[in-house]
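Okay, structure first, notes after.
The values are calculated or read from the model by the stated rules, or taken from the named source; none is laboratory data. Bear in mind the structure is a predicted one, so any value in this text is a computation, not a measurement. Note that we place each Cβ from the backbone using ideal geometry, even for glycine, and neighbour counts take in every protein chain shown. Surface accessibility is based on the protein's heavy atoms, side chains included, excluding ligands, DNA and RNA. Shrake-Rupley method; radii C 1.70, N 1.55, O 1.52, S 1.80 Å.
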Amino acid sequence: MCGITGFIQYRGGAQEDIARRCQAMADTIIHRGPDAGGVWVDPSFPLALGHRRLSIIDLSEAGAQPMVSASGRYVLSFNGEVYNFPRLRQEHGVSTYPYRGHSDTEVILAAVQHLGVEKAVSKFEGMFALALWDRKERCLWLARDRVGKKPLYYGWCGNSFLFGSELKALRQHPDFENELDRNALGQYLQYGWVSQPSSIYRQVRKLPPGSLLKIPQDCKPWDAHPTQFWSAKNIAEHGERNRFTGSYDGAIDKLDEVLQEAVGDRMVADVELGALLSGGIDSSMIVALMQKVSDRPVKTFSIGFWEEKYNEAEYASAVAKHLKTDHYEMYVTPDQALDVVEQLPHMYDEPFADSSQIPTYLVCKLAREQLKVVLTGDGGDEQMAGYRRYRNCLNHWRDVQRMPASARSIARPVTGALGTGSWRYAKSYASKGVNVPRWTRKLAKISQRSCNWTANSPQEILANKFNKCLSVDQFVSGAVTPATPLSDPAYWADVEDPLLAMLHYDYTGYLPDDILVKVDRASMAVGLEARAPLLDHRVLELAWSLPSAYLFDGNTGKRVLRDLLGRYVPPALIDRPKRGFSVPIKEWLVGPLRDWAEDLISEKTLTEQGIFDVKSIRDAWHQHLYGWANHSELIWSVLMFQAWWRAQASDT
């Protein structure tokens, strides 16, 4: 688990200057790899690879990076873990490589040398982002794991091609261009994150999950395009065509088998491992399987809140007691949580507005005091229908299908007009400090949900559930919604099962761009590796081949996973409504964070900045303060952008 960066500097330069520049870029991500670091510069081409190391497997110098292959042809800077490296090492051709140590990094190079880049990458199972320089062909390869667990940014700026695990590394290069992408900003306000392939900067993109990018030595800016070596869309479509034909009990047995393999692969390390335990189904399942194969009590970590509404620590403690883990918990005070807010812009490095980033960071910090590696339960909700919104969206979709197409075509412009009118009416009241009439509030809520009744697919209904504002250009003048997995049907799975359609939508949008970003930045900020067995592609392939009734009983999701967990943990310990990892943002914004928020979105600040529609932001803020509507998610998104914008200005 590490951080990578580097560049091709087409204008050339002295080797010493190139090395020094790359070292400066790598130094910005030292938190991702505090144990060691290195830089490699090609003596005959202006390319540099940088690396920061968090030593997990093969702690010796034999595992140091950037690593040159035995043949001298390939040079690798690699972030993450390839969990099937012991099996790959035994394969014909790969086994004869002259290994110096036992790291997965060497196995990657051995596989590439024997199989070629594209075939080798398709065999890697794990979480990774890598940069591989082919000295013979003079081309740079970038690759990112199947689900997008590990981040990788890249872009053409000035005379250079830049890449890195985090944006702060790219910003260190003198050719970096920091022009804001207003379309990406508009999309961010809608959902709370910047969806791949966009980034917040116009000249920088995110490499999509499961993709390869080849940059030849004479590549022109943006001529090269990512190609997929794995596709969740294909998995969903294949799963619907090739359903699991066994019994329900057989599905539980098969899931148990696959999960044990996934957990076992992720328990390979030369350092001690632990787990983050919320007491919910996913994390409890992972801890149960870890404890099953461990010869000692697994260390588990939980965060609790004194506010009963947000506290799950007592459930985690009960599960830990039953499984006999070595359990640690920390109850967070509001002051401790609020102290984290100031660190968020630097930690996330791009506007990001999932407020559960705060407790996620705190539990990672607690775990890092004891060890370097934890397993988590991330991925269960998106693969096995764990969110309540699936039930609501399925009900909406059934209602939509009962409505004639002609009625839907009429409803769309009418409800859109109602939405615009109610919003403007509410703004006029709020700007005068007057509470908005009840009927107007109801009309606004109806209009905000109206697009559910005119949706053409279950994915559209799910997208509307995420949407925090009625239109992109209402807050960011001139912005249009970019083509991303959230908005472009070309990304969506072509399946008839509406539940599977929504699971795929979340898996390729919400999961990599929100959940995994949240966990990666929070864990890496403290030098902690977070492994997620439920994100093993074998688990996904099984889950999406199961009949929908095995996942969702019409009211509750994760049915098969829930019943499997019942073999290890008494159902009474985990049978409760899902809460999520939430914090009281709504209350904080009108309480302890009010002055901080007012400073960031004051009329003077917004006017001088010239990015947002000042009146729309101020009206939404007033509506939240006066209590006519809960705009906490929208306001938090604006505030996280403002805090990020201010942090970038102070760093330049």
* Asked: Stokes-Einstein at 4 °C, 1.567 mPa s, Kirkwood radius from Cα pairs: D for region 78-172 in µm² s⁻¹?
  -> 91
* To do: Give the Kirkwood hydrodynamic radius (Å, one decimal) of region 26-147, defined as one over the mean of 1/r across all pairs of different Cα atoms.
  => 14.5
* To do: From the P(r) of region 49-106, can you give the percent of Cα pairs sitting at distances over 18 Å?
  => 31
* **Residue-normalised accessible area of the chain, given per residue in Å² at a 1.4 Å probe** => 38
* Relative contact order for region 138-287, counting Cα pairs under 8 Å that sit 6 or more residues apart, in percent -> 21
* To do: Rounding to the nearest 20 debye, state how big the charge dipole of the chain is about its Cα centre with +1 on each Lys and Arg Cβ and -1 on each Asp and Glu Cβ.
  => 1460
* **Once exposed loop GluC sites (Glu not before Pro) are cut out (DSSP; at most 12 other Cβ, 10 Å), longest piece of the chain** => 1-178
* Asked: Which value in nm describes the separation of the simple spin-label points at Thr96 and Glu603, placed 7 Å from the Cα toward the beta carbon?
  -> 7.8
* Structure fact -> For the pair Leu180 and His225, the simple spin-label estimate (label points 7 Å beyond Cα toward Cβ) gives in nm 3.0
* To do: Please pull out the direction-averaged projected area of region 161-285, using the convex hull of its alpha-carbon atoms, in nm² to one decimal place.
  => 13.2
* To do: Work out which chymotrypsin sites (Phe, Trp or Tyr not before Pro) in the chain are exposed loop sites (DSSP not H, G, I, E or B, at most 14 other Cβ within 10 Å) and give the longest gap free of them.
  => 307-652
* **Normalised convex hull volume, region 220-267, alpha-carbon set, Å³ per residue** => 108
* Structure fact -> Over region 1-55, the quotient of the Cα radius of gyration and 2.2 N^0.38 Å is 1.10
* More than 18 Å apart: what percent of Cα pairs in region 464-558 qualify? -> 62
* Structure fact -> Within region 109-189, DSSP-loop trypsin sites (Lys or Arg not before Pro) with at most 13 other C-beta atoms within 10 Å are Lys136
* Asked: What 222 nm value per residue comes from the helices of the chain, counting each DSSP H run with n ≥ 4 as -39,500 (n - 2.57) and dividing by all residues, nearest 500 deg cm²/dmol?
  -> -13000 deg cm²/dmol
* **the chain, relative contact order in percent, only Cα pairs under 8 angstrom and at least six apart counted** => 16
* **At R0 = 41 Å, FRET efficiency that the Cβ-Cβ distance of Val480 and Asp335 yields, to 0.05** => 0.50
* Structure fact -> Computed over all unlike Cα pairs, the Kirkwood hydrodynamic radius of region 292-415 in Å stands at 18.4
* In whole Å, what are the Cα extents of region 234-329 along the three principal axes, biggest one first? -> 48, 38, 25
* **Fully extended contour minus Cα-Cα distance, from Asp553 to Glu369, at 0.36 nm per residue** => 62.1 nm
* To do: Could you tell me what percent of the accessible area of the chain is made up of carbon and sulfur, with a 1.4 Å probe and every protein chain present?
  => 49
* **Share of Cα-Cα pairs in region 141-215 lying beyond 19 Å, as whole percent** => 35
* Asked: Between Lys292 and Glu257, 0.36 nm times their residue separation minus their Cα-Cα distance comes to what?
  -> 11.3 nm
* Contact order relative to length of region 144-209, as percent, for alpha carbon pairs under 8 angstrom and 6 or more apart -> 35
* To do: Taking the convex hull of the Cα atoms, report for region 493-648 its projected area averaged over all directions, in nm².
  => 13.8
* Structure fact -> Note: probe point = Cα of Asp651 + 7 Å toward Cβ; backbone nitrogen < 16 Å; residues of region 353-367 passing the test are 353
* Asked: Hey, rough spin-label estimate for Trp596 and Lys324, points 7 angstrom out along Cα→Cβ, what's it come to in nanometres?
  -> 4.3
* In 5 Å bins starting at 0, how do the alpha-carbon pair distances of region 603-645 split up by percent? -> 5, 23, 31, 27, 11, 3
* To do: Let me see the pair-distance distribution of the chain: every alpha carbon pair, 10 Å bin width, integer percents in order.
  => 3, 15, 26, 27, 19, 8, 2, 0
* P(r) of region 533-616 in 5 Å steps, Cα pairs, percent per bin? -> 3, 10, 12, 13, 11, 7, 5, 7, 12, 12, 6, 1, 0
